[in-house]
Every structure is written in structure tokens, then in C-alpha cells.
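Read the structure below first, then the notes.
Only the coordinates and a few stated rules stand behind these numbers; no lab work does. This is a predicted model, so every value here is computed, not measured. Cβ placement follows ideal geometry from the backbone for every residue including glycine, while neighbour counts extend to all protein chains displayed.
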């Protein structure tokens with residue numbers, strides 16, 4: 001009986017991680033970094049390092065493409081890690097149910 005309740009809790013955790021993964025991937029599809037945000041971030045980073053900021057970049061409709069791609073990449077990685085946790089928990093839960 002204890003293994004069954006543990007498997008149920010693992011299943012619930014898997015669903016939670018699955019929803020969190022979907023949310024991260026959805027956010028990755030819509031996240032944008034404005035040119036102004038990117039310039040401010042580059043200036044702040046350059047000031048911290050004590051160097052001249054590189055303000056070169058490509059913008060499309062006011063969005064800095066490089067910074068936007070970086071933000072999307074970070075959220076995609078988070079979504080993938082959460083999905084891996086969900087699948088791992090599903091597999092472990094199945095294992096517990098059949099022991």
C-alpha cells in the first residue's frame with residue numbers, strides 16, 4: 001500500500017513538472033527583449049567589467065534579436081529540464097507500481 005501511495009505522489013509531481021515545462025516552453029515562444037533593455041544590459045555588464053560596451057546589434061520591430069534568442073534559449077533549456085524531470089518521475093512511478 002505504501003508503494004502505491006508513493007507512486008501516486010510521484011505521478012502528481014510528474015504532472016506538475018509537465019505543466020511547468022509547458023509553461024516554460026510557452027514563455028520561450030513569446031519572450032522578447034527590447035532594444036532599450038538590451039542596451040541597458042550591455043552597458044551594465046560593460047561597466048561591471050570596466051570595458052567599453054559593444055552596442056552593435058540587430059533589431060526587428062524594436063526587439064533585439066541576439067538578446068531575444070538568448071532569452072528564448074534559456075527558457076527552452078528550463079522547459080527541457082522540467083520535461084526530463086516529468087518523464088523521469090513517470091518512469092520511476094511506473095517502476096514502483098510494478099514492483
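Taking the conditions exactly as written (surrounded by 11 or more Cβ atoms within 10 Å (Cβ to Cβ), over 30 Å from residue 10 (Cβ atoms) and without any contact (Cβ under 8 Å) to a residue 40 or more places away in the chain), does residue 52 satisfy them or not?
Working: surrounded by 11 or more Cβ atoms within 10 Å (Cβ to Cβ): no; over 30 Å from residue 10 (Cβ atoms): yes; without any contact (Cβ under 8 Å) to a residue 40 or more places away in the chain: yes.
Against the criterion (surrounded by 11 or more Cβ atoms within 10 Å (Cβ to Cβ), over 30 Å from residue 10 (Cβ atoms) and without any contact (Cβ under 8 Å) to a residue 40 or more places away in the chain), residue 52 does not qualify.
Anything in the stretch 55-70 that is in contact with a helix residue (DSSP H, G or I) (Cβ under 8 Å, 6 or more places away or on another chain) and either surrounded by 13 or more Cβ atoms within 10 Å (Cβ to Cβ) or in a helix (DSSP H, G or I) (or both)? List them, or say none. Let's see the steps before the verdict.
If we filter the stretch 55-70 for residues that are in contact with a helix residue (DSSP H, G or I) (Cβ under 8 Å, 6 or more places away or on another chain), which is where we start, we get 55, 57-59, 62-64, 66-67.
Scanning the stretch 55-70 gives 57, 59, 63, 64, 66, 67.
Please enumerate the residues belonging to the stretch 45-54 that are within 25 Å of residue 30 (Cβ to Cβ) and in contact with a helix residue (DSSP H, G or I) (Cβ under 9 Å, 6 or more places away or on another chain).
none
Of 37, 41, 90, which residue is in contact with a strand residue (DSSP E or B) (Cβ under 8 Å, 6 or more places away or on another chain) and not in a loop (DSSP other than H, G, I, E, B)?
Working: 41 fails: in contact with a strand residue (DSSP E or B) (Cβ under 8 Å, 6 or more places away or on another chain); 90 fails: in contact with a strand residue (DSSP E or B) (Cβ under 8 Å, 6 or more places away or on another chain).
So the residue among 37, 41, 90 that is in contact with a strand residue (DSSP E or B) (Cβ under 8 Å, 6 or more places away or on another chain) and not in a loop (DSSP other than H, G, I, E, B) is 37.
Take the residues in the stretch 9-32 that are more than 16 Å from residue 83 (Cα to Cα) and free of Cβ contacts under 8 Å to residues at least 40 places away in the same chain, then tell me which one is nearest to the chain's Cα centre (by Cα).
This residue is 30.
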